Amino acid sequence: MIIQVENLHKHYKKQHVLRGINMTVSEPQIIALVGPNGSGKTTLLNCMTNLLPFQEGKIELLGKKNTDISVFKDVSYLQDNRILYGDLTGYDHLKFVCSIQQLPATRIRQVTDRVGMTAYVKKRVRNYSLGMKQHLLLAMAILNEPKLLLLDEPLNGLDPSSAITMRNILLELHGEGTTIFISSHNLDEIDRLTDTIYFMKDGELLKESLQDFSRSEYTITVDAPDQAAAVLTQTSLPYTANEDGQIEFLETEAPLQDLLDQLKAAGLTILRIDNRKIGAERRYQELFAKENVR
Amino acid sequence: MRLLQFEWKKLWTSGLFKILLVVFFLSIACYFVYAYMNTVRVSDVALELRDQIRQHELQMEEQPDEEDGESTEAAQFWKEYNEKLEAQLQAYETGDWNTVLQMEIDKIQPDLDTLIVSRQYYTSSFPTLFTTETRRALFQYMQEHGVTPTLPVDIYAWRTLYDLNFPIDGSNDDEFLKDFVTEHSTLNSSAGIYFLKQVTDLLFGLSGLLFFLLLFSDIVTKEGIGVNGPIHLLETQPIRRPLILLAKFVTVLLTSAAVLVGAALFSLGLGTGFDKLGDWDYPVLVYGENYAYEFMPIGLYLAKTAVLFFFGLLFAAALLFFFSYVTKRAIAALVLTAAVILLGIQLSNQVAGLAFAPYVPFAYLASPYIVTMQTAAIWQDFRFTFPLGLLVLGGASAVLLAAAYLVSGLQRKRA
């Protein structure tokens, strides 16, 4: 088992932050953790890496208890950039991780080349931009070629090209067999990385695989919108009519063909069908619409 | 070892650390300039003696040429006096320290004989019997060990803690005399070993402790211990957590030792380079019970004060670690540590004389006072010793470190 979290409860004084989290990952994959601020994402990651204790539950990473320090031989955690020492260079950080992990120093060059930070690796971290710090954190995290890579908001502060580099590296690592567990607010990037998303809401986890959904939403334009609405009202098909008189239809609950058949049977002419894919953002809006999304 | 290297690297690359080190060594250099300028040298003493001889000669020349008994006696007196001064001058100029010291002993002896007969240790005159007795013993020690004295060697240059009153007329303090003695007994010497003693006497106390606390504030307090800070980098590596704390502590102690050794070599280097090395046997007065005393070679004194100061640092660092865990705030931990040390020193003064007083660690933070037994003599409690100081400071540090570890454990449970 790569990740096993059972009935995890975490309280901060009276606040119940994690409410019985269960999660099992048995095969290498990319898993995203998405949720609004304060939903408990970082707390979950910190509990998983034993940075925070928890009141109830069990966590195992790669078959070992998370309190076993040998776990960090094969598990890396890319955290907030506050863990970096401003007075040290990127190279100093990488050299330290290399020495603690007992890796050859040649790994540093391989990793900096891969991440694209060789040019500034010997500069002091205090002179790094946010994106450069993220690169260094990623380089530190992949030095030991981890089997499990946990990432907390790795895309924060990255410009588009850095974000693309980061995404490509993560996809490459996944291709090499690394399991990647990523918490992020960047839902577009999440869409490009994975279909498996854990949504966190009020300390609870809801696993969704976007592949399980029909990933399409259709907007259908017909020659007589009022008549179309009258026809569809008499069916049980889930549809909505928008302000422009177009019909919006989510294919997850019934096949599109059923709707088209009904419209054709009523003698209506279909002028246009627009297809929009449902992504993490759309699903996020559905889950958190009323409370958080404006 | 890898952790120690990393901690040391962090310390060495810290801007604050480097600035403080430069200020520290610059202060020593400035102090050396002061000591060098205020060192009384043979040439200064010779000039003074020649001046005296010249004045006496003038006085003799001004005597009327009458051959009455009184004039002849006066002339004879000044002649003999000048002969003594000339002999003294010659001894200074030829570096015959044995003669210089013997002449001073001869001057002391009549006063000492009178004071010893009356056993007036509580005399309110300056110098007291204890001061006179130890001054003679000091000179004898230097004669026996072939030690070159630090100049001047006159009556005002030696005082002890029993010299509390300075009356000329036998009643109240004479402020002028008091100031004069205080000023003249603060001997300065730019000779390497003696200058090192001057540096350690200044450094091995509260000011030194506060300096070292500030020097290491980065390594301990900026880690974000207990909160989301750089410590998380270490805690997500295959390293046992107690080792992280231990590595920091050991780094603080090893670097302190290195800075102290560096300061000692720098002071010795300055002194030896611009003046001379000095004598490792130079006597340092150690107070005993019932006005007893002994002399300790300055080399041993320096070693003992350094070791005790090091234990004081251990204690201060343990306090800083403890407060870092309790407050989780860099500045708060530093201020609290300094405040507790200041209050602790006040407290140790308040409880002096009580049965538990020698077990209060704050009493041992001024190591020169402990090694010379001045603290013991001041409080008339001779349980304040160097070995007990090591035990008390070491024990208190161990307790504080254990408490810091417990607090961190409790905080993890409550987090």
Checklist entry - Do we have any residue at all in the range B:253-270 that's within 11 Å of another protein chain (Cβ to nearest Cβ), open to solvent by 30 Å² or more (accessible area, probe 1.4 Å) and in a helix (DSSP H, G or I)? => result no
Next on the checklist: I'd like the full set of residues that are open to solvent by 10 Å² or more (accessible area, probe 1.4 Å) and more than 10 Å from the chain's Cα centre (by Cα), limited to the range A:179-206.
Outcome noted: A:Lys201, A:Asp202, A:Glu204, A:Leu205, A:Leu206
Item to check | Positions within the range B:148-200 being surrounded by fewer than 20 Cβ atoms within 10 Å (Cβ to Cβ) and touching an Asp or Glu at 6+ places or on another chain (Cβ under 7 Å), in sequence order | outcome: B:Thr148, B:Asn165, B:Pro167, B:Ile168
Item to check | Set B:Phe180, B:Phe195: member being part of a helix (DSSP H, G or I) and at pLDDT 90 or above | outcome: B:Phe195
Next on the checklist: Going by what's in this entry, would A:Leu173 be described as modelled with pLDDT under 95 and open to solvent by less than 60 Å² (accessible area, probe 1.4 Å)?
Outcome noted: yes
Checklist entry - So which helices (runs of 4 or more DSSP H) are wholly in the range A:8-121 and hold at least 1 residues that are within 30 Å of B:Leu16 (Cβ to Cβ) and at the interface with chain B (Cβ under 10 Å from one of its Cβ atoms)? => result A:41-48, A:90-100
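Which residue is surrounded by the most Cβ atoms within 10 Å (Cβ to Cβ), if the candidates are limited to the range A:94-124 and must be without any contact (Cβ under 8 Å) to a residue 24 or more places away in the chain and among the charged types (D, E, K, R)?
By that ranking, first place goes to A:Lys95.
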Checklist outcome for this item: Residue hits (the range B:154-196; in contact with a Phe, Trp or Tyr (Cβ under 7 Å, 6 or more places away or on another chain) and within 17 Å of B:Val40 (Cα to Cα)) are B:Tyr156, B:Phe180, B:Val181, B:His184, B:Ser185, B:Ser189, B:Ser190, B:Ile193, B:Tyr194, B:Phe195
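Residue-wise test of (1) within 28 Å of B:Leu3 (Cβ to Cβ); (2) modelled with pLDDT of 95 or more; (3) within 14 Å of chain A (Cβ to nearest Cβ); (4) open to solvent by less than 40 Å² (accessible area, probe 1.4 Å).
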{"residue": "B:Leu203", "(1), (2), (3), (4)": "no, no, no, yes"}
{"residue": "B:Leu210", "(1), (2), (3), (4)": "yes, no, no, no"}
{"residue": "B:Ile219", "(1), (2), (3), (4)": "yes, no, yes, yes"}
{"residue": "B:Glu223", "(1), (2), (3), (4)": "yes, no, yes, yes"}
{"residue": "B:Thr236", "(1), (2), (3), (4)": "yes, no, yes, yes"}
{"residue": "B:Phe295", "(1), (2), (3), (4)": "no, yes, no, yes"}
Next on the checklist: Just to be sure before I move on: is B:Glu48 under 30 Å from the mean Cα position of the chain (by Cα) and charged (D, E, K, R) in the structure I sent?
Outcome noted: yes
Item to check | Output for the range A:127-137, where each listed residue is within 14 Å of chain B (Cβ to nearest Cβ) and either touching a Leu at 6+ places or on another chain (Cβ under 9 Å) or buried (at least 22 other Cβ atoms within 10 Å of the Cβ) (or both) | outcome: A:Lys133, A:Leu136, A:Leu137
Item to check | Count - residues of the range A:130-153 that are more than 20 Å from A:Thr89 (Cα to Cα) and touching a residue at least 60 places away in the same chain (Cβ under 8 Å) | outcome: 8
Checklist entry - Here is a list of conditions, (1) more than 14 Å from every other protein chain (Cβ to nearest Cβ); (2) surrounded by 14 or more Cβ atoms within 10 Å (Cβ to Cβ); (3) in contact (Cβ under 8 Å) with a residue 24 or more places away in the chain, and B:Ala91 meets all of them except one; can you say which number that is? => result (3)
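Residues checked against (1) more than 14 Å from chain A (Cβ to nearest Cβ); (2) open to solvent by less than 40 Å² (accessible area, probe 1.4 Å); (3) over 24 Å from the mean Cα position of the chain (by Cα):
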| residue | (1), (2), (3) |
| --- | --- |
| B:Ala330 | no, yes, yes |
| B:Leu343 | yes, no, no |
| B:Ala357 | yes, yes, no |
| B:Pro361 | yes, yes, no |
| B:Pro387 | yes, no, no |
| B:Gly395 | yes, yes, yes |
Checklist entry - Within the range B:1-22, can you find the residues that are assigned to a helix (DSSP H, G or I), free of Cβ contacts under 8 Å to residues at least 12 places away in the same chain and open to solvent by 80 Å² or more (accessible area, probe 1.4 Å)? => result B:Arg2, B:Gln5, B:Lys9, B:Trp12, B:Ile19, B:Val22
Checklist entry - Is it true that some residue in the range A:53-71 is free of Cβ contacts under 8 Å to residues at least 24 places away in the same chain, on the phi < 0 side of the Ramachandran plot and buried (at least 19 other Cβ atoms within 10 Å of the Cβ)? => result yes
Checklist entry - If we scan the range A:31-46, do we find a residue that is out of contact with any strand residue (DSSP E or B) (no Cβ under 7 Å at 6 or more places or on another chain) and either at pLDDT 90 or above or crowded, with 16+ Cβ neighbours inside 10 Å (or both)? => result yes
Checklist outcome for this item: If we ask which residues in the range B:79-88 are without any contact (Cβ under 8 Å) to a residue 24 or more places away in the chain and of a type in the set (A, V, I, L, M, F, W, C), their number turns out to be 1
Checklist entry - Mind checking which pairs have a first residue in the range B:277-293 that is free of Cβ contacts under 8 Å to residues at least 24 places away in the same chain and a second that is of a type in the set (Gly, Ala, Ser), Cβ under 9 Å, 6 or more apart or different chains? => result none
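The values are calculated or read from the model by the stated rules, or taken from the named source; none is laboratory data. Keep in mind the model is a prediction, meaning the values are calculated, not measured. Here the Cβ is made from the backbone with ideal geometry for all residues, glycine too, and neighbour counts use every protein chain on show. All accessible areas refer to the heavy atoms of the entire protein, side chains included, with ligands and DNA or RNA removed. Shrake-Rupley method; radii C 1.70, N 1.55, O 1.52, S 1.80 Å.
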